[in-house]
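The structure under discussion appears below in the form of C-alpha cells.
The values are calculated or read from the model by the stated rules, or taken from the named source; none is laboratory data. Since this is a predicted model, take the numbers as computed values, not measurements. A quick note on method: Cβ atoms are made from the backbone with ideal geometry, for glycine too, and the neighbour counts reach across all protein chains shown.
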Amino acid sequence: MQGKRIVIGITGGIAAFKAASLVSQLVQRGAEVRVIMTQSATQFITPLTFQTLSRNHVFTDTFEERNPKVVSHIDLADHADLFVIAPATANIISKIAHGLADDMLTTTVLATEAPVCFAPAMNVHMYQNVIIQENINRLQSLGYHLIEPGEGQLACGYVGRGRMAEPEVILEWIEWYFQKKACLTGKKILVTAGPTIEPIDPVRYFSNHSSGKMGYAIAEAAEKAGADVTLISGPVAIRPPARVKRIEVKRAIEMREAVMGCLSEMDIIVKTAAVADYRPRNVFDQKIKKDQETLTVELEKNPDIAMEIGKQKRRDQFFVGFAAETENVENYAREKLAKKGMDLIVANQVSIPGIGFGSDQNQVVIYDAEGEVCRLPKMDKKSIAAQIISLIGERMNDC
Ligand code: PMT
C-alpha cells in the first residue's frame, strides 16, 4: 500500500462512520489518502475527522478552489491510483450510472481515469430495488468494481442485505487489487497492434479497419501491471503509452521479422494485430494508370505469424491470440486456438455494430483449450484490456 494514492469518496449514510476506520488503516499502511465528502455525508460525520486521519484537506465543495494553480476536481481525479466510494448510497450509484456531475464527488469520479470501486450501504429494499440493481449492473458492465454489502441488522431496523462491507473487507479488496494489478511485474510482454498495409504500387495498398486501439490498450494495461512492454505496431494514429517500447512496421512480412526477432526473450505474447492474410504478388514500381477497364491484382499468402509463434514457443511462454469473426465465432476461434498453439484466444464478433474495428468499445469471449473461460459484455477497450491482462497474470502465476 506504500505510496498508493487512494481517493475515498464518502456519501450520506450512517456507515460513513466506518469510513473513518478505513481511512485510518489505509494511512497506517502507507497509502496517501485524499477524502471527498458529499454534503449529506457531513451530516453524519465531520470533515475534521477525515482531515485528522488522512492528514490532508477534505473536499466537500466543487467551487472551493484552494490552489489557484490547479482545478481541484481534475487534480484529484488525476492524482488517484484508485477511487473507493464507501459508503455508496443509492443516490451516488444512480448519479454515476447516468453520468451526473453536480457535486465535488461526482465531478471528480467522472473526470478520473483511475479504477473506481464502490461499497454500497442502504436499506435492504432500496438495495433490491430493480432500478438500483440495474444501475449497479450498468456500472459493473462499464468496468466499475463492486464490494458487495453484507447481510445483517441494518441501522433502519430491517434485517437483510445492505450493510456496508466492514472496513477490513474493503482493505483486503484494496490490497488484493493492487497485488493483482502488479501481476506482471518483471515479465516481458510482446503486443502486436493495428493493421498491416500491403502495397500495390507506390501510392496504393490493401489494408483493414484496425485502429490499434485494442492492442494499445493491452500494451498500456500490461505496463500498468508491471510488465516490460514491446509493442509492434502497424500504421495507426495513436501515440504509444508511456514507457512502452514501440517498433513500427507496415507490411505483414516486416511484422513477422520484428516479432520473430524478439520472440525468444518474451514471457508473454499477445497478438492483437489484424495481419493481412494476403499481399499483392507483384508491387508495381510506378503508379498504375487507369487505362484498363478492369484490373487484376494477384495475391499471395502472407506468413501466418501466430502459427509460427505457436510452433516455436517454449512451454514457459504464454501466448494469447485474437480472433476477429463475423459468424461461427466460437468454432472459428477455438479452431484457431488449437491450430496456432495459443493458450488463450480472445474472440470478437466484428459484425456487431459499435464494437471491434475502430470503435472505443469491444465485447469479447475468451476461450482456452477446455472451452469458454469468460465472457465480457460491451465495455471500453481499456477495461477489456485490464481484464485480459489480469487473466494472463492469474494463468502465469499458476504455471
Ligand atoms: O485495432 P482496433 O480498431 O482496436 O480493433 C481491434 C481488433 C478487431 C483488430 C482486435 O480486437 C482483433 O480481433 N484482432 C485480431 C484480428 C485478426 O486478424 O484476427 P484473425 O482471426 O484474422 O487472426 C487470428 C490471429 O492470428 C490473430 O491473433 C492475428 O494477429 C494472427 N494472425 C493472422 C494472420 C496472419 N497472417 N498472421 C497472424 O499472426
* Structure fact -> Among (1) near the ligand (Cβ under 10 Å from one of its atoms); (2) of a type in the set (Ser, Thr, Tyr); (3) more than 24 Å from Glu113 (Cα to Cα), Tyr205 falls short only on (1)
* If you go through the range 377-396, how many residues are over 15 Å from Thr272 (Cβ atoms), crowded, with 16+ Cβ neighbours inside 10 Å and within 14 Å of the ligand (Cβ to nearest atom)? -> 3
* Kindly check whether there is at least one residue in the range 234-256 that is assigned to a strand (DSSP E or B), in contact (Cβ under 8 Å) with a residue 60 or more places away in the chain and more than 16 Å from the ligand (Cβ to nearest atom). => no
* Asked: Looking at (1) within 16 Å of the ligand (Cβ to nearest atom); (2) under 20 Å from Ala386 (Cβ atoms), can you tell me which one Glu198 breaks?
  -> (2)
* Select from the range 263-288 the residues that are hydroxyl-bearing (Ser, Thr, Tyr) and near the ligand (Cβ under 10 Å from one of its atoms) and list them in ascending order. => Thr272, Tyr278
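If I ask for residues that are closer than 28 Å to Phe178 by Cβ and either part of a loop (DSSP other than H, G, I, E, B) or within 11 Å of the ligand (Cβ to nearest atom) (or both), which ones from the range 217-233 would you list? Walk me through how you get there before you give the answer.
Taking the range 217-233 first, the residues closer than 28 Å to Phe178 by Cβ are 217-231.
Result: Ala217, Ile218, Ala225, Gly226, Ala227.
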* List, please: which pairs have Cβ atoms under 9 Å, are six or more places apart or on different chains, and start with a residue in the range 346-364 that is within 8 Å of the ligand (Cβ to nearest atom) and end with one that is of a type in the set (Asp, Glu) and at pLDDT below 95? -> Asn362/Asp380
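Does Asp291 qualify as being surrounded by 14 or more Cβ atoms within 10 Å (Cβ to Cβ), more than 16 Å from the ligand (Cβ to nearest atom) and assigned by TED's automatic domain parsing to the domain that holds Arg375?
Numbers: surrounded by 14 or more Cβ atoms within 10 Å (Cβ to Cβ): no; more than 16 Å from the ligand (Cβ to nearest atom): yes; assigned by TED's automatic domain parsing to the domain that holds Arg375: yes.
Judged against the criteria, Asp291 is not a match.
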* **Search result, residues across the range 88-131 that are free of Cβ contacts under 8 Å to residues at least 60 places away in the same chain, among the β-branched types (Val, Ile, Thr) and crowded, with 19+ Cβ neighbours inside 10 Å** => Ile93, Ile96, Thr106, Thr107, Val116
* Asked: Name the residues in the range 366-379 that are touching a helix residue (DSSP H, G or I) at 6+ places or on another chain (Cβ under 8 Å) and under 19 Å from Asn137 (Cβ atoms), would you?
  -> Cys374, Leu376, Pro377, Lys378, Met379
* Residue among Val259, Val297 that is assigned by TED's automatic domain parsing to the domain that holds Gly321 and within 15 Å of the ligand (Cβ to nearest atom) -> Val259
